[in-house]
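The values are calculated or read from the model by the stated rules, or taken from the named source; none is laboratory data. Values in this document were obtained by computation on a predicted structure and should not be read as measured data. Note that each Cβ is placed from the backbone with ideal geometry, even for glycine, and that neighbours are counted across all protein chains shown. Heavy atoms of the whole protein, side chains included, go into the accessibility calculation; ligands, DNA and RNA do not. Shrake-Rupley method; radii C 1.70, N 1.55, O 1.52, S 1.80 Å.
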Amino acid sequence: ISQSSKPVSSLDIHSNEIIPDVILTPLSYLTGCSVERYLGPIQLYFLKESWSIRRPEDLQLFQHRFLSEVNQLVCAHVAALGGKALLCMRIRTLEHGGKLIGAPVSLMVLVTGDVVHHENVPDIDSGN
């Protein structure tokens, strides 16, 4: 059962109403944090296809939307595993087809990284 009062279908995909804050970073560490638990590596493949590309601007918009969706899905996957961060994150384009306007366009990417649960380290200089 969702904790939100809104039905799941009415939630905005770009809001964080369900997905907690997850840090995505290409670094192998988080400044000011200590890794409490290593939850394992992930490899996620994503494929999207569109038949509605009519102008070059549409292709750029398609790519941008797809990568935004990939980031949201990766955050959701990390949170579902109990993680708060994805370290050593890499996004690799595996296939990009259909560069002709009016033809089907597809994009396939691979996202890899290490899922961790972290805690903030208290600042010693603050005296708290």
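So here's what we get for this one:
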read-out	value
Probe 1.4 Å, all protein chains present, accessible-area order of 106, 52, 34, largest first	52, 34, 106
FRET efficiency for residue 43 and residue 63, using Cβ-Cβ distance with R0 set to 22 Å, rounded to 0.05	0.55
Accessible area (Å², 1.4 Å probe, nearest 10) - residue 121	80 Å²
